[in-house]
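Q: Take a look at this one; I'll ask things after.
All of the numbers you see were taken from the coordinates with simple rules; none came from a lab. On a predicted model such as this, the values are computed, not experimentally measured, just so you know. All Cβ positions, glycine included, derive from the backbone under ideal geometry; neighbour counts span all protein chains shown.
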Amino acid sequence: MRLPKSFMVEPEINEYVDATKGSRSASERVNQLLKRAILEEQYDRLEAEAAAFFAESQGSRAETRAFQKAALRTFDRD
């Protein structure tokens, strides 16, 4: 469902939309560009979340190695 909305667009953006819309309407082109921008923003957020996750796991790397060594010593005893 499409909702009629009214937004103010900067002249440079309007010129870009007009130049790249092809046979589509300006509204269709703007919607396409907005969908791409939303996806890009979501990817950026996921990338930042992944970076934070792996940065946190780097700090516990020494603890992980110590646990692995202890586990190997336990296996050697058995």
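Q: For LYS5, go through the aspartates and glutamates and keep the ones whose alpha-carbon is under 17 Å away, minus same-chain ones fewer than eight residues off.
A: Within reach: GLU28.
Q: What's the exposure ranking of ASP76, ASP18, going from fewest to most Cβ atoms within 10 Å?
A: So the residues, fewest neighbours to most, are ASP76, ASP18.
Q: Quick one: length gained pulling PHE53 to TYR16 fully straight, 0.36 nm per residue minus the C-alpha distance?
A: 9.5 nm
Q: Show that you can apply the helix-only estimate: for the chain, add -39,500 (n - 2.57) for every DSSP H stretch of four or more residues, divide by all residues, and state [θ] at 222 nm to the nearest 500.
A: Taken over the chain, the calculation gives -27000 deg cm²/dmol.
Q: Looking at the chain, I'd like the Rg to Rh ratio, where Rg is from alpha-carbon atoms and Rh is Kirkwood's inverse mean 1/r.
A: Radius of gyration over Kirkwood radius for the chain works out to 1.47.
Q: Another question about this same structure. Please rank LYS21, LYS35, fewest neighbouring Cβ atoms within 10 Å first, as an exposure proxy.
A: On the way: LYS21 16, LYS35 10.
Ascending Cβ contact count within 10 Å gives the list LYS35, LYS21.
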